[in-house]
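Input: a single structure, listed below in structure tokens.
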Amino acid sequence: MKKLYTLMLMATMAFTFTACEDQLIADSLEGTWSGNMEVSSYYNGHDYYATHTEITFSNDPYRYAKGTGYWVDYYSGAPWDYVANHIRWSVDNGRIYVYFQEEGTSVVIADYRLSDNRFSGYIADGGNNVYFNLMHISSPNWSNYRYWGYDAWYDYYYDDYYYARQTRGNDSTTVAPAEKPIRQYGKGKSNESR
């Protein structure tokens, strides 16, 4: 009986240690990070590479090591200025899971370094591990992003909200792209056969 009690105590302590560590990681993630995520979008037969990415992690005070936020990839020379997604994220056994709500896709960040001002490591997208390097910055004014996704935040604003905004000429009018860009990490889709 004493041996069983000892095993149960050790298992409880291991779970508690992991749970505390996950919460510490979640607390360290909170805020806005900006830098290079090696993100590109495949659209209409072409790869468009993001110039930089901004990610905001907001902790959910009612859920352990979980939260919501925003992931915005900025582009230059693409038919759009940025691609913005709401995200849901969680930390489990030291791994960071990010789910893109508008795209319906997810990635895992398992091999990383996280400090007060730097977040770097490798993002896993299927079998593809791509290096990223982000700096902690102050939070931008998120109300500037009016268009949150192809299907919108709650999937019922089909006519008013679009996944990415496409600029037409030098004026400020925008139109929705004919197809949804495909997010990718590292080497672009059109370069895979090279």
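The values are calculated or read from the model by the stated rules, or taken from the named source; none is laboratory data. A quick note: this is a predicted structure, and the numbers were derived from the prediction, not measured. Cβ sites come from the backbone with ideal geometry, for glycine too, and all protein chains shown count toward neighbours. Ligands, DNA and RNA are excluded from the accessible area calculation, which covers all protein heavy atoms including side chains. Shrake-Rupley method; radii C 1.70, N 1.55, O 1.52, S 1.80 Å.
Please calculate how many Å² of accessible area segment 47-90 carries per residue, with a 1.4 Å probe and no DNA, RNA or ligand atoms counted. If you can, show how the numbers build up before the last one.
Details: 1860 Å² over 44 residues.
Computed with neighbouring chains in place, this is 42 Å² per residue.
Among 134, 24, what's the order by accessible area (1.4 angstrom probe), most exposed first? Before the final figure, lay out each step's value.
Values: 134 0, 24 115 Å².
Correct descending sequence by accessible area is 24, 134.
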Would you please give the FRET efficiency between residue 21 and residue 128, computed as 1/(1 + (r/R0)^6) with r the Cβ-Cβ distance and R0 = 30 Å, to the nearest 0.05? 0.65
How far apart, in nm, are two points set 7 Å out from the Cα along the Cα-to-Cβ line at residue 30 and at residue 52? 2.5 nm
